[in-house]
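Some notes on the structure that comes next.
The values are calculated or read from the model by the stated rules, or taken from the named source; none is laboratory data. Since the model is a prediction, treat every value here as computed from it, not as a measurement. Here the Cβ positions follow ideal geometry from the backbone for every residue, glycine too, while neighbour counts run over all protein chains shown. These accessible areas exclude ligands, DNA and RNA; they are computed on the full protein's heavy atoms, side chains included. Shrake-Rupley method; radii C 1.70, N 1.55, O 1.52, S 1.80 Å.
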Amino acid sequence: MGGFFGVVSKEDCVLDVYFGTDYHSHLGTSRGGLAFWSGSGFKRSIHNIENIQFRAKFDAEIPKIKGNMGIGCISDTDPQPLTVRSHLGHYAISTVGRINNLNELTERAFTRQNVHFLETNQGHINPTELVSVMIDQEQSFKDGLLKAQDLIEGSCSILLLTPDGIYAARDKWGRTPLVVGKKDGAYCVAFESCTFANLGYVFDYELGPGEIVLITEDGVQKVAPPRAQMKICAFLWVYYGYPSSTYSGMNVEVMRYRNGAALARNDGIDIDMVAGIPDSGVGHAIGYSNESRIPFGRPFIKYTPTWSRSFMPQDQKVRNLVARMKLMPIPELVAKKRLLFCDDSIVRGTQMRETVDLLYQCNASEVHVRSACPPIVHGCKYLNFSASRSHMDLATRQSILELEGHEPDSLQAYCDPSTAKYQAMVEHIGKKLNFSSLKYQTIHDMVDAIGIGAENICTYCWTGKE
Ligand code: SF4
């Protein structure tokens with residue numbers, strides 16, 4: 001994943017870019033970067049943020065930087081933004097997405113014989129540099145951005161900071177959002193619209209799928225129109241989008257309340273308390289509680305002073321340890337209680353199993369789990385979401401393998417709640433993870449809670465349908 005933010009202003013905008021980029025910290029954990037246009041060149045800085053927050057790394061530099069235009073990014077993979085000088089001029093570039101045909105596009109670039117790549121990421125070509133090379137092979141930024149959109153398989157949204165303004169190009173299927181905000185004398189562009197309010201911006205414009213605009217201090221110029229079809233990622237609302245952000249007119253927290261309410265309407269279980277696994281499970285749990293009129297509580301508290309951000313070490317053992325250290329149970333609220341937990345999703349299930357075991361150690365009498373989305377049966381192939389995980393790490397696929405003894409030819413029956421295979425899989429997962437009961441949201445109710453039309457939403461990881 002990853003996120004980015006940019007500003008074009010009549011006045012210095014360094015602090016806006018700094019804070020606006022910081023508000024994307026929940027989207028990535030690898031590198032943070034800023035680039036500002038000074039009038040004659042770029043001031044650019046990139047830091048490793050794997051073990052430290054974005055602001056802590058950039059704090060000392062910010063007072064020394066000046067600029068009326070800048071972009072910043074939080075990256076889960078490659079160092080960004082990159083600064084480039086080509087026949088198109090100076091520019092800085094940042095991307096969000098996942099390029100599945102990176103090798104093929106690299107070979108394509110080499111056919112020109114005058115191309116090389118300087119930036120490497122652990123021996124691999126930096127995908128953002130590849131995008132810049134694709135842009136440079138055309139005669140204008142517009143043509144270059146359109147070509148990159150056409151050729152990239154996976155997804156890719158792009159910000160280009162140029163002396164004339166910021167080009168913003170949304171992924172051709174609109175898998176991730178891109179929104180423009182405005183205030184007196186300045187425009188910003190963001191993945192997350194939650195950046196606007198505290199920086200004084202108000203919503204101005206949301207780019208459609210594949211749309212390209214040029215943002216200057218005077219406004220938004222249309223460069224290329226939106227495409228007809230959108231497939232925005234449903235997981236934005238369910239899990240990784242920030243609660244105060246809105247995409248396609250639907251706010252994240254509001255969707256979670258609607259989604260939790262739908263979960264409750266399909267339930268009817270006798271319990272003492274509804275709770276959410278922090279952070280994203282909480283919104284779904286509030287919706288469940290409001291609808292069912294069963295009290296909402298916090299039998300688990302997240303230790304926010306030092307575990308305030310998503311922190312995803314690559315090593316699974318360290319990841320489990322971090323997950324355990326983040327959450328503290330309150331035994332007085334757990335003992336002898338029948339608890340129902342809403343979680344955003346169940347991916348591997350290992351962390352959830354540890355959480356439930358801890359609740360039983362605190363003498364919970366029952367621990368029921370409700371997943372805010374359907375069973376994840378397919379890995380995401382469009383974003384770097386869960387990129388490091390193999391399909392067989394998914395709790396569903398492990399259970400299917402254990403139930404069938406081999407990988408079935410078709411997974412379709414496991415995506416359909418009306419089949420015996422689906423029921424057997426859910427029961428198997430619930431038993432393995434030691435839940436008193438397990439239920440998943442249905443695809444229909446989740447899509448309904450998003451409320452922008454099923455045809456506009458990507459649900460591939462639950463349905464296997466493109
Ligand atoms: S496959 Fe899943 S995670 Fe990936 S874009 Fe589609 S909905 Fe989002």
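Summary table
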| read-out | value |
| --- | --- |
| Long-range amide H partners of Leu178 with built H, under 5 Å | Leu207 |
| For the chain, size of Cβ-based charge dipole, Lys and Arg +1, Asp and Glu -1, in debye | 640 |
| Descending semi-axes in Å of segment 18-82, equivalent ellipsoid built from Cα gyration tensor | 20, 12, 10 |
| 3J(HN,Hα) from dihedral phi, segment 6-16, Karplus parametrisation 6.51/-1.76/1.60, rounded to Hz, x for glycine, proline | x, 9, 10, 9, 6, 10, 4, 10, 4, 5, 4 |
| Sequence ranges 274-286, 208-220, ranked by mean other-Cβ count within 10 angstrom, highest first | 274-286, 208-220 |
| Accessible surface of segment 247-463 [probe 1.4 Å, protein heavy atoms]: carbon and sulfur percent | 53 |
| Ranked order, Thr128, Thr246 - accessible area, probe 1.4 Å, largest first | Thr246, Thr128 |
| Size of electric dipole in segment 2-227: Cβ of Lys, Arg +1 and of Asp, Glu -1, about Cα centre, debye, nearest 20 | 120 |
| From phi via Karplus (6.51, -1.76, 1.60), per-residue ³J(HN,Hα) for segment 408-420 in Hz, x at Gly/Pro | x, 5, 10, 9, 4, 4, 7, 9, 10, x, 7, 9, 5 |
| Dimensionless Rg/Rh of the chain - Kirkwood Rh, Rg from C-alpha atoms | 0.98 |
| Positive-end residue of Ile429, Ile166, Thr304, charge dipole of the chain with Cβ unit charges | Thr304 |
| 23 Å Cα-Cα threshold exceeded, pairs from Lys421/Lys465; Lys147/Lys182; Lys231/Lys326; Lys66/Lys147 | Lys147/Lys182; Lys231/Lys326; Lys66/Lys147 |
| ³J(HN,Hα), Karplus 6.51/-1.76/1.60, whole Hz, each residue of segment 65-80, x for Gly, Pro | 9, 10, x, 9, 9, x, 10, x, 8, 10, 10, 8, 9, 7, x, 8 |
| Accessible area of the chain divided out per residue, in Å², using a probe of 1.4 angstrom | 42 |
| Euclidean distance of C-alpha centroids, segment 46-77 and segment 351-400, integer Å | 33 |
| The chain, relative contact order in percent, only Cα pairs under 8 angstrom and at least six apart counted | 12 |
| Of Thr128, Ser140, Val96, farthest towards positive along the dipole that unit charges on Lys, Arg, Asp, Glu beta carbons give segment 2-227 | Ser140 |
| Percent accessible area from carbon and sulfur atoms, segment 1-121, protein chains only, probe 1.4 Å | 44 |
| Residues whose placed amide H lies under 5 Å from that of Ile49, excluding near-sequence neighbours | Arg31, Gly32 |
| Highest-first arrangement of 182-193, 30-41, 289-300, where packing means the average Cβ count within 10 Å | 182-193, 30-41, 289-300 |
| Cα-based equivalent ellipsoid of segment 247-463: semi-axis lengths in Å, sorted from largest, via gyration tensor | 25, 21, 19 |
| Among Tyr240, Phe54, Pro331 the positive-end extreme of the charge dipole of the chain (Cβ point charges) | Pro331 |
| Over the chain: helical MRE at 222 nm, DSSP H runs n ≥ 4 each giving -39500 (n - 2.57), nearest 500 | -8000 deg cm²/dmol |
